[in-house]
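The values are calculated or read from the model by the stated rules, or taken from the named source; none is laboratory data. The structure displayed is predicted, hence computed values, not measured ones. Cβ coordinates were reconstructed from backbone atoms using ideal geometry, including for glycine residues, and neighbour counts include every protein chain displayed.
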Amino acid sequence: MMNDRIGVQVRASGGPGVLHQLTGAIAQLRGDISSVEISSQGPTEDLVYFEIDLPGSVDQLVAALQELAVVRGVEVVDTLKTIYGKRIIIMGGGAQVGQVAIGAISEADRHNIRGERISVDTIPLVGEQPLADAVRAVARLPRAFAIVLAGSLMGGEIEKAVREVRAQGLLVVSLNMAGSVPEAADLVVTDPVQAGVMTVMAIADTAKFTVDRLQRRVF
């Protein structure tokens, strides 16, 4: 039987060993933590957000956490995937990033009103190493499904990074640009607005478009 994934937000005292206590209480109830984020709420308090696959009672987990001396409050919330859904990351030159975002946001809106959840993140970047680092970092981002590389010239270390994240399951779409990145990408699209549209279509469950079924990969 599949466990239910839940979101739990805990207000806890700041300090060493707090996360260990929280995860210990979750483990005792056989909760499997899929992600955790910690944000400081001041010098003495942290906000800890968990996404947990829980086989048992949510109320029992809440009660177990509330019994801990370091816990000041517990709230069960919707998971970030339920709210924000799949993420598309657009990176590269500012003008091209903006045009890709126009297509992606417009298409995402069409699917989101039909029940899909797709969010779009952008970061204008220049330079081979900063872009390569950013591409590799997307594999560590929660809910990231696709990258769009929007620029005029990309290659070298960026191409290596593209091949690495594709091997980890990320979809990579590239504008038709100079350099070796288009050769490494899943899909190459000349028009930046269309690149945004096609990326959304490729990851949307409400679309009937898949990259694997294309007869060609350059448009």
Original post:
Which one of these is of a type in the set (A, V, I, L, M) and surrounded by fewer than 22 Cβ atoms within 10 Å (Cβ to Cβ): L131, L187?
Top reply: L187
Original post:
Hey, any hits in region 87-103 for a residue that's closer than 30 Å to E45 by Cα and within 12 Å of the chain's Cα centre (by Cα)?
Top reply: yes
**OP:** Could you grab me the full set of residues in region 111-126 that are among the hydrophobic types (A, V, I, L, M, F, W, C) and either loosely packed, with under 15 Cβ neighbours inside 10 Å or out of contact with any His (no Cβ under 9 Å at 6 or more places or on another chain) (or both)?
**Re:** I113, V120, I123, L125, V126
Original post:
Has region 107-119 got at least one residue that is under 16 Å from the mean Cα position of the chain (by Cα), closer than 15 Å to G196 by Cβ, among the polar types (S, T, N, Q) and assigned by TED's automatic domain parsing to the domain that holds G179?
Top reply: yes
**OP:** Scan region 151-174 for residues that are under 30 Å from T82 (Cα atoms), of a type in the set (A, V, I, L, M) and either more than 18 Å from the chain's Cα centre (by Cα) or outside the structural domain of I102 (by TED's automatic domain parsing) (or both) and report the count.
**Re:** 0
Original post:
For region 55-72, which residues satisfy the criterion of being of a type in the set (A, V, I, L, M, F, W, C), surrounded by 12 or more Cβ atoms within 10 Å (Cβ to Cβ) and outside any helix (DSSP H, G or I)?
Top reply: L68, V70, V71
Original post:
Would it be correct to say that S40 is loosely packed, with under 15 Cβ neighbours inside 10 Å, polar (S, T, N, Q) and more than 27 Å from the chain's Cα centre (by Cα)?
Top reply: no
